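Asks: Mind having a look at this structure? Questions to follow.
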Amino acid sequence: MYWEAEKECINREALKQLQLERLQSTVLRVYMNVPFYRKKFDELRIDPDAFRSLGDLRKLPFTSKDDLRVSYPYGMFAVPLREVVRVQASSGTTGMPTAVGYTRNDIKNWSNLAARILVAGGVTQNDIVQIAFDYGLFTGALGLHYGAERVGASVIPISGVNTRRQVKIMQDFKTTALMCTPSYALSIADTIMEMGINVNSLSLKYGLFGAEPWSESMRHELQEKLKIVATDNYGLSEVMSPGVAGECSERNGLHINEDHFLVEVVDPETLEPLPEGKTGELVITTLTKEAFPVIRFRTRDLTSLITEPCSCGRTFVRMNKVMGRTDDMIKIRGITVFPSQIESVLFEIEGTEPHYQIILERKAAVDELTVLVEVSESIFFDQVRKQKDFIERIKARLASEIGISVEVKPVEKQTLERSGGKAKRVIDKRAL
Ligand code: DLL
């Protein structure tokens with residue numbers, strides 16, 4: 001099922017032509033209206049009128065999060081504020097927030113792109129959609145909200161309220177599609193069990209999750225526990241937000257809305273483009289944004305592209321699930337570790353709850369990684385020797401997965417902070 005079949009299944013040659021035309025006008029727009037880009041282009045002697053092919057993209061400068069922060073709040077806007085109908089902000093996970101703006105036309109495009117993602121994930125006008133992302137400056141909730149209304153679904157804008165209330169509303173309003181972070185969906189699933197509710201008595205069919213990295217094992221668990229089809233969707237405020245890319249029912253990579261975004265994958269160190277299929281940093285150029293266009297924006301997110309056609313019929317390239325961001329990458333004793341690798345191991349081990357946190361500390365000049373993991377009551381209160389064996393088993397699996405030895409500390413259920421927003425997986429105490 002498609003939202004805009006003729007666009008989502010566009011012939012690739014026609015797409016390239018469209019992208020070139022849109023890129024040309026974006027380049028011109030930022031040169032004329034954003035002092036930051038005008039200065040950069042002048043320094044690099046880029047003539048915005050002499051843009052002839054998509055390959056010329058490589059000549060353009062990158063834009064970093066820091067560039068946006070320096071221009072906070074409105075320095076990067078390409079239209080006067082009177083044309084801006086909405087201002088939102090990035091969640092500030094990696095530092096200061098960034099303000100972003102949308103014209104009326106941007107909101108229209110955004111709603112349409114969010115609608116594409118929702119429909120690809122199974123949602124129709126017959127669905128009852130519960131949006132448990134936080135409303136407010138965070139772009140997740142409002143982006144999906146407008147998309148769901150565009151599709152014609154019935155939207156419950158519940159926001160990130162207490163989890164029992166989420167479940168109660170889900171029961172009463174017969175929610176069929178849930179939208180939130182995957183970690184919060186897991187808390188909702190646990191709460192359904194704690195409340196003694198049989199999940200089969202609920203009406204849930206789809207879960208559209210995003211805003212943070214999550215493993216395939218997590219997907220499996222959520223699909224089993226909530227009896228849903230769970231799809232991943234990706235976006236970021238600086239570029240637009242949900243609506244950038246999303247999975248279809250194949251659940252094998254996220255289709256990027258390439259008629260609105262031009263993507264590259266580069267080596268995060270050298271910034272050179274990587275060959276197809278190689279994992280690197282995703283770089284995005286917006287093609288239609290009016291208020292807040294960005295050129296070669298360095299997302300810091302690590303992924304790779306899949307150019308093989310998808311059996312769903314969409315012709316847009318897919319990106320693999322984002323495994324983490326360059327700044328989530330844990331460098332410990334020379335080894336690179338992603339929280340999602342640890343997550344996958346924990347899911348395999350019976351008796352652990354997939355709620356975990358990673359603590360990094362420096363002890364006597366040596367870096368140590370400790371995984372705090374919630375375990376079932378029977379294990380938490382088990383005999384000391386049995387518990388020790390259990391921990392050793394997790395440690396051995398983690399060591400073979402990530403290549404270094406780590407500490408594992410079991411904690412009682414519900415000890416680690418739950419949040420309606422993005423889960424905080426890593427606490428780095430080394431620099432404190
Ligand atoms: O999190 C937008 C969003 C909301 C996407 C709801 C999907 C659903 P920001 O707060 O600006 O925007 O954070 C963007 O979150 O650069 C990634 O690091 C991470 N992220 C977003 N979606 C995914 C995903 C929203 N599906 C940052 N998988 C991005 C992994 C994701 N990471």
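The values are calculated or read from the model by the stated rules, or taken from the named source; none is laboratory data. The structure displayed is predicted, hence computed values, not measured ones. Cβ atoms come from the backbone with ideal geometry, glycine included; neighbour counts cover every protein chain shown. All accessible areas refer to the heavy atoms of the entire protein, side chains included, with ligands and DNA or RNA removed. Shrake-Rupley method; radii C 1.70, N 1.55, O 1.52, S 1.80 Å.
Asks: Go through region 54-87 and report how many residues are over 17 Å from Val283 (Cβ atoms) and among the acidic types (Asp, Glu).
Replies: 1
Asks: Mind checking which residues of region 118-148 are of a type in the set (Val, Ile, Thr) and either touching a Phe, Trp or Tyr at 6+ places or on another chain (Cβ under 8 Å) or open to solvent by 10 Å² or more (accessible area, probe 1.4 Å) (or both)?
Replies: Passing the criteria: Val119, Val123, Thr124, Ile128.
Asks: I'm trying to understand the selection: among the residues of region 175-201, which are touching a strand residue (DSSP E or B) at 6+ places or on another chain (Cβ under 6 Å) and charged (D, E, K, R)?
Replies: Answer for region 175-201, where residues must be touching a strand residue (DSSP E or B) at 6+ places or on another chain (Cβ under 6 Å) and charged (D, E, K, R): there is none.
One line per residue, one yes/no per condition, for (1) open to solvent by 90 Å² or more (accessible area, probe 1.4 Å); (2) over 30 Å from Asp428 (Cβ atoms); (3) among the acidic types (Asp, Glu):
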residue: Gln19; (1), (2), (3): no, yes, no
residue: Lys39; (1), (2), (3): yes, yes, no
residue: Phe62; (1), (2), (3): no, no, no
residue: Gly75; (1), (2), (3): no, yes, no
residue: Pro80; (1), (2), (3): no, yes, no
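Asks: For region 1-50, which helices (runs of 4 or more DSSP H) that fit wholly inside it have 3 or more residues that are within 22 Å of Ala291 (Cα to Cα)?
Replies: 12-33, 35-43
Asks: If you check Met179, Met218, which single one turns out to be part of a helix (DSSP H, G or I), within 13 Å of the ligand (Cβ to nearest atom) and touching a Phe, Trp or Tyr at 6+ places or on another chain (Cβ under 7 Å)?
Replies: Checking each option against the conditions leaves just Met218.
Asks: Among Ser201, Ser159, which is the only one that is of a type in the set (Ser, Thr, Tyr), more than 16 Å from the ligand (Cβ to nearest atom) and modelled with pLDDT of 95 or more?
Replies: Ser201
Asks: Still on this structure: List the number of the failed condition for Tyr31; all other conditions in (1) in contact with a strand residue (DSSP E or B) (Cβ under 7 Å, 6 or more places away or on another chain); (2) under 18 Å from Ser71 (Cα atoms) hold.
Replies: Unmet for Tyr31, out of (1) in contact with a strand residue (DSSP E or B) (Cβ under 7 Å, 6 or more places away or on another chain); (2) under 18 Å from Ser71 (Cα atoms): (1).
Asks: Still on this structure: Report, by residue number, each residue of region 231-255 that is outside any loop (DSSP other than H, G, I, E, B) and within 12 Å of the ligand (Cβ to nearest atom).
Replies: Correct list: Thr231, Asp232, Asn233, Tyr234, Ala245, Gly246, Glu247, Leu254.
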